[in-house]
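Heads up: the structure comes next, in structure tokens.
All of the numbers you see were taken from the coordinates with simple rules; none came from a lab. Values in this document were obtained by computation on a predicted structure and should not be read as measured data. No Cβ is skipped: glycine too gets one built from the backbone with ideal geometry, and neighbour counts run over all protein chains shown.
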Amino acid sequence: MTSWITAEAAQALLGVKLQTLYAYTSRGLIANRPDAEDPRRSLYAADDIDRLTVRKMRGRRASVAHEAMNFGEPVMASAITTITGGRLYYRGRDAAALSDTMTLEGVARLLWSCEDDDPFAGLNPHPLRAAGPDSRTRAFVLLAQRASTDAAISGRSDRALRREAASLMSDLVDAACGQTGAGPLHDRLARAWRVEGAKVDAIRRALVLTADHELNASTFAARVTASTGATLAAGALAGLAALSGPLHGGMTAQVSAFIAEARRAADPRGAAMQRLAQGLNVPGFGHPLYPDRDPRAEAIARAVRYSDEIKAIQTACESVTGAHANLDFALVGMSRTLGLPSDAPFVLFTIGRAAGWIAHMLEQRASGAGIIRPRARYVGPTPDGAGQVVLSNAAE
């Protein structure tokens, strides 16, 4: 049986002014009736008010979730990576400092909490598993193949999973290179790209700096996949799919296109201003998590010493936009300066970030948190058969 409450009580429950309560009534959201003890006053259906209160709370939570998912508040606990004070840290250690000496394998062992275990030791190269016309295609093929044949992550030891993760990273490098190989991952890329000396060390540094970046889109995709108990390769495939988008790792292609455009015009400042005049961003500059400078881009620029042309483009764009170069620009600037293949920026991003995807998948499994399953806030048509709102005939 419906219970009825006063306007004052209804306002208190809803947290609204009297005019808003009247509006809800006129829209048929809250039924009302005259008070038998005082016909000049109205009473309001408590059930309708309870229903509206729940809707409002869901709306507030959805708003908070929306803001949190877009460079906002943290949404899950992780001990892997943090960004604080304009710096990037892998398990509490400054990533830029690590890039001075550490290999990607070393960073992977750190991110995977390997301690004395070295899952990369003694790995035997597999026959090349993936065919395709370019590195990106071969990477997708390799991960899809392994996703369908590897064992799921549930019920396996940490040591076995780390060993499989190292094997997956090795196969991914082979796919990118289009040939099998042995030795440090950065050396294998350098041999495939036919570079030597300081250029090899630049590749090593870039891989370290791309290894993880907290809960970005591709990492979240990998964690969601891992939460279902799927294979490590399946999670990496989900990560690669997200990374390929033009707003994530695919941004390097936009940076490359802009640099080519600026070179053709021989006027990088004018090219940047033209994009802004068209309502477009200048790709490769600024980052929401680094209001000052992207430390990854700074570390690469210090080590590589860009060509005069790349430096001129960077200076012009920073002057026009007021934002500093980010990792996307650094990967492209480095690749062009060193004469690496045109797809090298995306390849470096993919192989480096795979170490982070795996770290997050292992952490997700260890958390025992179960499947990641957020709820959607439904805003579509009223479902058939839903309860009808009682309309009031009483005038206020």
Problem - Helix-derived mean residue ellipticity, 222 nm - over the chain, DSSP H n ≥ 4, -39500 (n - 2.57), to 500 - result: -17000 deg cm²/dmol
Exercise for the section: Please give the helix 198-209 orientation as an angle from the longest Cα principal axis of the chain, in degrees from 0 to 90, rounded to the nearest 10. Expected result: 20
Practice task
Based on the mean of other Cβ atoms within 10 Å per residue, sort peptides 183-195, 28-40, 255-267 so the most packed one is first.
Solution key: 183-195, 255-267, 28-40
Exercise for the section: Just report the Cα centroid separation between segment 235-261 and segment 331-375, whole Å. Expected result: 11
Problem - Protection proxy ranking of 117-125, 46-54 - average other beta-carbon atoms within 10 Å, highest first - result: 46-54, 117-125
Handout entry: Relative contact order (percent, whole number), segment 234-331, Cα cutoff 8 Å, 6+ residue spacing
Key = 34
Practice task
Show me 276-287, 324-335, 291-302 ranked by packing, highest mean number of other Cβ atoms within 10 Å first.
Solution key: 324-335, 291-302, 276-287
Handout entry: Dipole magnitude (debye, nearest 20) for the chain, charges at Cβ of Lys, Arg, Asp, Glu
Key = 400
Completion exercise
Expressed as a whole-number percentage, the relative contact order of segment 104-367 with C-alpha contacts under 8 angstrom and at least six residues apart is 26
Fill in the blank from the handout: With a ≥ b ≥ c from the Cα gyration tensor eigenvalues, square-rooted, and the rule rounded for a/c under 1.5, otherwise prolate when a/b > b/c and oblate otherwise, the chain is prolate
Exercise for the section: Using Cα centres only, tell me the gap between segment 79-107 and segment 169-228 in whole Å. Expected result: 16
